[in-house]
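Comments concern the structure below.
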Amino acid sequence: MKTTVIAIDGPAGSGKSTVSKIVAKKLGIANVDTGAMYRAITYKLLKSNISLDDLDAIKKVLDETKITFEQNENDFRMFIDGDDVSKKIRSEYISANVNIIAAIPEVRNKLREIQRSIGLKTSCVIEGRDITTVVFPDTKYKFYLDAPIEERVKRRYAELKQKGEEINFDSLKESIARRDKLDQTRGINPLRIDKDAIVINTMGLSAQQVAEKIIDYIKYIGQ
Ligand code: DC
């Protein structure tokens, strides 16, 4: 049976994660957060204490690592070798290092294959940075969410505050601007707007409103 894959890309704080969850729930399909996978690998590599220049050591860790996820109605949980790392991977320490790991071709190849195999087996909303361009270039449902950096920082700030993380607004802004730049200039699979993607500026819209727009487009595009 052919699956339906709704691909959503966009920069940090564009609203992708919240919107994807709502769309997946409304359509009754899975939601796959690929940023969580990059974060989980980052967590594992940082914990392994190997040098991030040592490609052989990285490959060895990648080969030995089991990356899985579980999803229920409201939750997307990431597991590394059976350990639930969902909370740990959201720290600013991981955010500050994830781009180094996400620029390693071996890491991208491994995660891309995992992501493709999920989409081949399961209908899903799958969000990240290279989903519309590299992971599922042939799906007809492609979206790119964007918002001005001030707005994206405000959202991320509120999110982290709510989780009880101590965070300085200006350093968060710096970290997001840095991450934008690294995501967009990465030599391999950078964040870019796919020529067939529908671009939605989420500024001033609630996640619910963005999700409704996406669902309207999906209906419009048809089967
Ligand atoms: O969506 P996020 O902020 O949790 O993603 C964390 C980082 O992972 C992001 O800055 C870049 C990387 N990433 C990627 O390179 N490709 C993806 N498909 C998803 C995330």
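The values are calculated or read from the model by the stated rules, or taken from the named source; none is laboratory data. These numbers were taken from a predicted model, which means no experiment stands behind them. Here the Cβ positions follow ideal geometry from the backbone for every residue, glycine too, while neighbour counts run over all protein chains shown. Surface accessibility is based on the protein's heavy atoms, side chains included, excluding ligands, DNA and RNA. Shrake-Rupley method; radii C 1.70, N 1.55, O 1.52, S 1.80 Å.
In 5 Å bins starting at zero, report the fraction of Cα pairs in region 157-209 per bin as a rounded %.
Histogramming region 157-209 at 5 Å steps yields 4, 14, 13, 19, 24, 16, 8, 2 percent.
Quick check on region 108-207: take the gyration tensor over C-alpha atoms, sort the square-rooted eigenvalues as a ≥ b ≥ c, and tell me if it's rounded (a/c under 1.5), prolate or oblate.
Note, shape of region 108-207 comes out prolate.
From the helices alone, meaning DSSP H stretches of at least four residues, give me the mean residue ellipticity at 222 nm for the chain, per-run term -39500 (n - 2.57), in deg cm²/dmol to the nearest 500.
Rounded to the nearest 500, it is -16000 deg cm²/dmol.
Keeping all protein chains in place, calculate the accessible area per residue for the chain (probe 1.4 angstrom), answer in Å².
Heavy-atom accessible area per residue stands at 51 Å².
Cα-Cα pairs above 23 Å in the chain: how many percent?
Counting pairs separated by more than 23 Å, the tail of P(r) holds 45 percent.
For region 66-123, what class follows from the C-alpha gyration tensor (a ≥ b ≥ c being the square roots of its eigenvalues): rounded when a/c is under 1.5, otherwise prolate if a/b is larger than b/c, else oblate?
Cα axes put region 66-123 in the oblate bin.
Let's see if you can work this out: charge +1 on each Lys and Arg Cβ, -1 on each Asp and Glu Cβ, no other charges. What is the dipole magnitude of the chain about its Cα centre, in debye to the nearest 20?
380 debye
Run the quick spin-label model on Gln162 and Lys60: label points 7 Å from Cα toward the beta carbon, then report their separation in nm to one decimal.
Calculated label separation equals 4.3 nm.
Looking at region 31-115, which GluC sites (Glu not before Pro) are DSSP coil and have at most 15 other C-beta atoms within 10 Å of their C-beta?
Loop-located and lightly packed - Glu73.
In whole percent, and with a 1.4 Å probe on the protein chains, what portion of the accessible area of region 1-138 is carbon and sulfur?
Looking at region 1-138 in its full context, I get 51 percent from C and S.
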